[in-house]
1. When only DSSP loop residues count, what trypsin sites (Lys or Arg not before Pro) in the stretch 585-640 have their Cβ near at most 13 other Cβ atoms within 10 Å?
2. Within 10 Å, Cβ to Cβ, of Met187, how many net charges do the neighbouring residues add up to if Lys/Arg are +1 and Asp/Glu are -1?
3. In whole angstrom, how long is each semi-axis of the equivalent ellipsoid of the stretch 284-436, when you take the square root of 5 times every eigenvalue of its Cα gyration tensor and sort them from largest down?
4. Could you list Leu73, Leu321 in order of exposure, starting from the residue whose Cβ has the fewest other Cβ atoms within 10 Å?
5. Sort Glu287, Glu594, Glu495 by Cβ crowding within 10 Å, fewest neighbours at the top.
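Derivation of every value follows stated rules applied to the coordinates shown; laboratory data play no part. What you see is a predicted model, and the numbers here were worked out from it, not measured in a lab. Neighbour counts run over all protein chains shown; Cβ positions are idealised from the backbone, glycine included.
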Amino acid sequence: MANLSIRARDNFLVNNNNQHMHDEGVVMPEIDNDVGDEDMDDPLTLSSPKRSLNPTMSDNALNTLNELRRNKLLCDAVISVSDDSFNVHRAIMSASSSYFRAQFTGFNSNMSPSKSDENRTVHIPGMSGAIMEELIQYAYLRKCTINADNVHELLISADYVGMIGLVTLCKQYLASMLTPQNCVSIMGFARFRFLDDLYVKARNYLLRYFTEVAAKNKDILEIGLKDFYDIISDDELNTREEDHVWKLCIKWIDHDPENRKQYVAQLMQGVRLGLMTPKCFMEEVKEHPYVLQCEDAKPLIVETFKFMYDLDIMNPSSGELITPPLAMPRLPHEVIFAIGGWSGGTSKGCIETYDTRADRWVNIPAEDPAGPRAYHGTAVIGFKIYSIGGYDGVEYFNTCRVFDAVRKNWKEIAPMHCRRCYVSVAELNGLIYAIGGYDGHNRLNTVERYNPKANQWTVITPMNMQRSDASACTLKGKIYATGGFNGQECLDSAEYYDPVSNNWTRIPNMNHRRSGVSCVAFRGQLYVIGGFNGTARLSTGERYDPDTQSWSFIHEMNHSRSNFGLEIIDDMIFAIGGFNGVSTISHTECYVAETDEWMEATDMNVVRSALTANNVAGLPNKRDYIHKDRDRLMEERRQRLLASTMARDAETISVSNASVEVQDATMDDYDSPNEDDDTDDEEDAATMDAVAAAALRPAIEDQQEDMRPDPNHRFRMQLSSQRFGSHHEIRRRS
């Protein structure tokens with residue numbers, strides 16, 4: 001009987017890996033007892049079996065053994081708890097639990113058979129019958145019901161009897177139920193029970209969703225000084241506004257002011273005071289009673305003043321400036337990837353990432369070995385960026401590539417049925433949609449859908465209109481396609497695809513015609529920005545409310561642009577690069593919905609249009625994609641300010657000589673309209689999309705007339721060097 005039980009258990013262990021989740025609880029399947037910490041990366045993913053036997057025989061054998069137990073047949077031991085007792089088979093329980101193995105074999109191994117028979121009853125005080133039933137069911141079937149009501153007691157009991165696999169399942173369940181309201185309590189429970197992997201997950205969740213935790217969680221006010229300081233000072237703390245950190249500090253002190261107000265200076269060292277908004281610093285920090293009563297806080301106030309108002313930055317005797325701790329940017333949780341594009345009359349394969357905390361673009365040496373492409377589309381699933389279609393100056397692509405941001409490598413995936421340049425791409429429910437585009441001959445209304453698991457493209461219902469140079473995004477379970485060019489005119493129409501009905505439906509027209517447009521879903525609405533209306537590049541933007549089915553304008557961008565990247569990060573919309581009607585640009589700016597304004601951010605390192613921008617969140621190797629020299633941000637800022645001062649002085653001199661030289665300079669521009677007279681390092685700065693249009697012969701070819709270079713382009717690029725280097729400075733520039 002023992003051999004049969006153990007053999008049946010082994011068969012079951014390597015076969016049953018199904019998992020059933022529901023609102024009332026989770027019926028959890030088997031998991032190997034030696035599951036390691038790496039399996040905690042996905043709270044609902046279990047390790048796959050290494051070998052396979054007949055699952056039917058395994059299921060039947062284990063179910064039969066469980067039925068024998070329930071009918072009290074062939075049982076040879078009893079487990080009793082405070083309110084119940086259970087007949088079991090010693091071999092089954094010993095195979096699943098180190099505790100019962102010790103009880104049934106270890107302690108009694110030297111006893112005579114008659115004495116051993118008298119010690120086949122195990123009593124466990126303090127454990128409920130309901131929990132013991134779950135433990136026994138897991139031992140026999142590798143299944144048990146886990147829900148929010150029993151998970152803590154079940155984990156403690158499983159740990160007590162040495163069912164490591166069940167402990168892991170409970171930890172996975174707790175990780176899956178993390179919310180801003182309960183993450184601190186789960187973190188405390190994990191620390192108390194020495195569950196290090198669960199503790200790390202709960203703490204990382206707190207850091208990732210700090211703003212919501214600070215607003216909704218009450219348990220965080222109960223934690224001690226050391227733990228609280230470790231949280232607010234952590235570089236991984238994810239907050240766009242440092243003001244939230246200070247306000248939480250005040251809430252924490254107010255929870256027990258008599259005992260905690262003495263720590264205000266220590267907490268101030270954990271807050272990045274230099275990155276706070278000046279208004280909050282002046283009104284809520286400098287003048288706060290806790291701060292005014294603390295002598296140790298005064299030097300911190302003075303140091304913050306010096307940083308905020310640049311009192312030392314232009315001092316030539318100060319030596320190289322080091323970014324002080326009070327202004328050191330935290331690490332971003334999300335990173336924008338800008339991939340490919342068109343510049344200098346050719347396609348580009350370069351990759352840049354944007355570090356929103358440091359306000360810096362970083363060059364990434366991971367170009368696609370298959371070659372560059374522009375006017376393509378991209379979508380993100382997990383840590384992978386899928387590059388769809390496009391154009392390289394010679395060929396219109398139906399090929400598709402995928403970049404793994406963790407492994408930093410490119411791979412080919414299945415090609416599309418059609419060649420698609422100017423394609424719109426969106427992701428919905430783990431599937432990628434390639435919408436419209438241009439195949440080198442015709443503007444398309446056809447749509448294809450890619451399944452990454454099957455590595456297969458499927459043609460689905462076409463759009464109502466032909467659209468190339470359009471833009472698409474996902475909003476409330478539907479895919480919206482906006483604007484574009486149909487071969488004759490720029491479009492002001494838009495439509496959405498419902499995957500349930502497999503149909504495209506028109507929505508009211510936009511206020512402007514927009515080709516080379518970009519759109520994103522933001523705060524439950526559809527934002528459509530920039531583009532070309534057939535006459536000029538646009539700086540306007542508008543948003544569509546699906547509830548009222550109406551369009552309304554938002555504030556205009558600082559730069560007109562088409563064929564640019566648009567992405568959301570830190571609850572702001574970033575517009576990146578593009579073509580302004582005269583030249584390709586590298587300008588980046590961000591839209592803040594609360595104030596309905598656009599603010600300048602740092603330019604890309606590479607001037608380009610026809611690029612894509614994607615937000616990748618939670619990268620385990622994000623340090624590979626962020627600005628490295630964070631301690632030199634102050635020195636970089638000083639150098640930029642000095643350069644801008646020199647540029648202004650140079651402009652003053654050049655203006656005084658303008659009456660003599662303006663005619664010759666103008667003639668030089670006409671003589672070489674497609675050449676750049678800057679240094680090699682600035683070669684891309686004066687490039688025009690007219691070269692791309694001549695090669696592509698698409699919408700831009702039909703639409704562009706005035707292609708003269710910007711005569712003030714070089715000075716404008718020099719002036720852009722005065723842009724500063726932190727997220728706080730982006731806000732301050734407004």
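1. Numbers: sites: Arg608, Lys622, Arg623, Lys628, Arg630, Arg632, Arg637, Arg638, Arg640; in loops: Arg608, Lys628.
Counting only loop positions with at most 13 other Cβ atoms within 10 Å, the trypsin sites (Lys or Arg not before Pro) in the stretch 585-640 are Lys628.
2. Within the 10 Å Cβ shell, the charges total +1.
3. Largest first, the stretch 284-436 gives 47, 19, 12 Å.
4. Leu73, Leu321
5. Starting with the residue having the fewest Cβ neighbours, the order is Glu594, Glu287, Glu495.
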